[in-house]
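The values are calculated or read from the model by the stated rules, or taken from the named source; none is laboratory data. All figures in this text were calculated on a predicted structure; none of them were measured in a lab. Reconstructed Cβ throughout: ideal geometry from the backbone, glycine too, with neighbour counts over all protein chains shown.
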Amino acid sequence: MNKFKSLFIGMFPMFAMGVSGYAIYQLVSSGMNLIWLGAVLITLPIMLFISRIMMFKDMARTSPHFPLLTLLAILGLGLSTYGYAESIFNPLASAESNMTNTVSFTLACAGFVFFPLYNFWYSSLGRELNLTLQVGKKLPAFTVIDTQGEQVHSKTFEGTPAIYIFFRGNWCPLCMAQIKEVSSKYQQLLSLGVKVALISPQPEKNTQALADKFNVPFMLLTDVGNRAAQALGIEMKNGLPAGMEMFGYDKDTVYPTVIITDDKGMIIYSDLNNIYRIRPEPEDFIEVLNANAQMA
């Protein structure tokens, strides 16, 4: 299933950009046409949203299912359908005009089908129940690599509370926004005596680039071969968007996951959200750590 999702997310933004751009061109050059107007309402908002998060990388969470964009898409489909029906029953319409309207209506309908596929199907990670990372259990042992190429065992983190943020890679804009948020809370986390580990299966050079970008002493670690993700049950097979392999990323990635452990390595928090567009708030981590400190 993830292979289809990989191909879909590689194609959908380009399709939405192409249809919305051409529809706007038709509206400007040929005048008002309800079919093209509907196509714009269906494809332009989601294309702008995807473009925004890719460019600015400052949005770590969205609404679960885009109620406003969904409403605009439904309105767009209604306008396109009305405009197409009106053209079909127009006895003065030429065969060429009918063909053009059929093509434009088909594109609008395709856009309307693709939008809920992104909204509900692609956005859902499809996680299975993970019994390994339940609160109250011991964090399974694993080994990762630091930016100097040295092995780091999970036992290294015992003795103090620890936050493990497993992220998909520098290519993921929501992951970058999440890391930026956590970095902004560094002083509060430091005051709680917590270690923060950012772990990804991406190439080590990408992890080093991330370490250079964020000037906070978090541990940036590489999960070579996704072995840690496999041990924790959070590996995402074929999760990389199609085309990203050319930048050196492996096709298998990790489900975005946050785990907090106490000083004995026991899990006191785990975020296993099933919608990739919703990441936990850093304030949630601080609340959990404060509560754990009060109980100690």
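Residue by residue, here is whether (1) within 30 Å of Ser80 (Cα to Cα); (2) under 20 Å from the mean Cα position of the chain (by Cα) holds:
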site: Tyr118; (1), (2): yes, yes
site: Glu128; (1), (2): no, yes
site: Pro140; (1), (2): no, no
site: Asp146; (1), (2): no, no
site: Glu158; (1), (2): no, no
site: Gln178; (1), (2): no, yes
site: Gln187; (1), (2): no, no
site: Leu192; (1), (2): no, no
site: Gln208; (1), (2): no, no
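The set of residues in region 134-144 being part of a strand (DSSP E or B) and buried (at least 17 other Cβ atoms within 10 Å of the Cβ) consists of Val144 alone.
Only one of Gly149, Gly126 is in contact with an Asp or Glu (Cβ under 8 Å, 6 or more places away or on another chain) and either part of a loop (DSSP other than H, G, I, E, B) or surrounded by fewer than 18 Cβ atoms within 10 Å (Cβ to Cβ) (or both); which? Before you say what the answer is, go through the steps one by one.
Values: Gly126 fails: in contact with an Asp or Glu (Cβ under 8 Å, 6 or more places away or on another chain).
Just a single option satisfies the conditions, and that option is Gly149.
Determine which member of the set Lys57, Lys5 is at pLDDT 95 or above, under 23 Å from Trp171 (Cα atoms) and among the basic types (Lys, Arg).
On the way: Lys57 fails: at pLDDT 95 or above.
Criteria check complete, one pass: Lys5.
A single entry from Ser63, Ser94 fulfils the requirement of being surrounded by fewer than 13 Cβ atoms within 10 Å (Cβ to Cβ), under 30 Å from Cys175 (Cα atoms) and without any contact (Cβ under 8 Å) to a residue 40 or more places away in the chain: Ser63. There is at least one residue in region 232-253 that is under 17 Å from the mean Cα position of the chain (by Cα) and hydroxyl-bearing (Ser, Thr, Tyr). All of Asn206, Asn226 fail the test of being under 21 Å from Leu272 (Cα atoms), assigned to a helix (DSSP H, G or I) and not basic (Lys, Arg), apart from Asn226.
Given the criteria more than 21 Å from Asp252 (Cα to Cα) and aromatic (Phe, Trp, Tyr), does Tyr186 qualify? Let's see the steps before the verdict.
Values: more than 21 Å from Asp252 (Cα to Cα): yes; aromatic (Phe, Trp, Tyr): yes.
For Tyr186, the condition - more than 21 Å from Asp252 (Cα to Cα) and aromatic (Phe, Trp, Tyr) - is met.
Pick from region 237-269 the residues that are among the hydroxyl-bearing types (Ser, Thr, Tyr) and part of a strand (DSSP E or B): which of them is nearest to Gln202 (Cα to Cα)?
The initial filter retains those residues of region 237-269 that are among the hydroxyl-bearing types (Ser, Thr, Tyr), namely 249, 253, 255, 257, 261, 269.
Narrowing the set further to residues that are part of a strand (DSSP E or B) leaves 253, 257, 261, 269.
Values: Thr253: 8, Thr257: 15, Thr261: 24, Tyr269: 25 Å.
Per the criteria, the residue is Thr253.
Condition test on Gln187, is it at pLDDT 95 or above and either of a type outside the set (Ser, Thr, Tyr) or crowded, with 16+ Cβ neighbours inside 10 Å (or both)? Against the criterion (at pLDDT 95 or above and either of a type outside the set (Ser, Thr, Tyr) or crowded, with 16+ Cβ neighbours inside 10 Å (or both)), Gln187 does not qualify. State which residue is farthest from Ser184 (Cα to Cα) when the search covers only region 40-60 and only residues that are surrounded by fewer than 20 Cβ atoms within 10 Å (Cβ to Cβ) and not hydrophobic (A, V, I, L, M, F, W, C). Going through the qualifying residues, I end up with Ser51.
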